[in-house]
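Working notes for the structure below.
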Amino acid sequence: MKSLFSVVFIAAIVFASGATSQEKKSTKKPTVSFSNDVFPIIKKRCLPCHAADSENPSELIVETLSDLVKGGKHGKPIIPKNGDVSILVQKIKPNPPFGEQMPLMTKKKLTDEEVELFKTWIDQGAKKN
């Protein structure tokens, strides 16, 4: 009887750990690519005001990943692996900690999905991929 209990107990643990692994796999977000997912949004929605030849009060240039990472007057906008704390994500969401929500020169703000792409990309390490 004791060995039957042990087998059932071990089977329950294996089954539970397998379900947990499966759940983790299904909740893991797909990899977000800077070049394919993030930069097209930057190019369309941010570059009009944040190009090297544009005058913008923040002095933030976003023409390349190196420019973006370097930052501007308010410091580095990206803290890799911490999207919620990154100024970039805070500024594209409503009620940023300073100034106005970006993009400033248009009434059409980024969608929740676009904001989530930026956050996920930063959470995944803000890689040049």
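Read-outs: derived from the displayed coordinates by stated rules, not from any lab. Please read all numbers here as calculations on a predicted model, not as lab measurements. When we count neighbours, we look across all protein chains shown, and the Cβ atoms used for this are built from the backbone with ideal geometry, even at glycine.
Structure data summary
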{"item": "Distant-in-sequence amide H partners of Gly83 (H built 1.01 Å from N, under 5 Å)", "result": "Asp123"}
{"item": "Entries of Lys76/Lys127; Lys43/Lys128; Lys43/Lys108; Lys81/Lys107; Lys29/Lys127; Lys91/Lys127 with Cα pairs more than 25 Å apart", "result": "Lys81/Lys107"}
{"item": "Between the range 32-87 and the range 97-129, the alpha-carbon center distance in angstrom", "result": "9 Å"}
{"item": "Whole-Hz ³J(HN,Hα) from phi, Karplus 6.51 cos²θ - 1.76 cosθ + 1.60, for the range 89-103, glycine and proline x", "result": "5, 4, 6, 9, 9, x, 6, x, x, 8, x, 10, 5, 9, x"}
{"item": "Spin-label model distance (nm) - Asn129 vs Lys109, 7 Å beyond Cα toward Cβ", "result": "2.8 nm"}
{"item": "J(HN,Hα) series, the range 110-116, from Karplus relation 6.51 cos²θ - 1.76 cosθ + 1.60, nearest Hz, glycine and proline x", "result": "5, 6, 4, 5, 5, 4, 5"}
{"item": "Amide H within-cut-off set for Gln101, under 5 Å, with H built and near neighbours excluded", "result": "Asn95"}
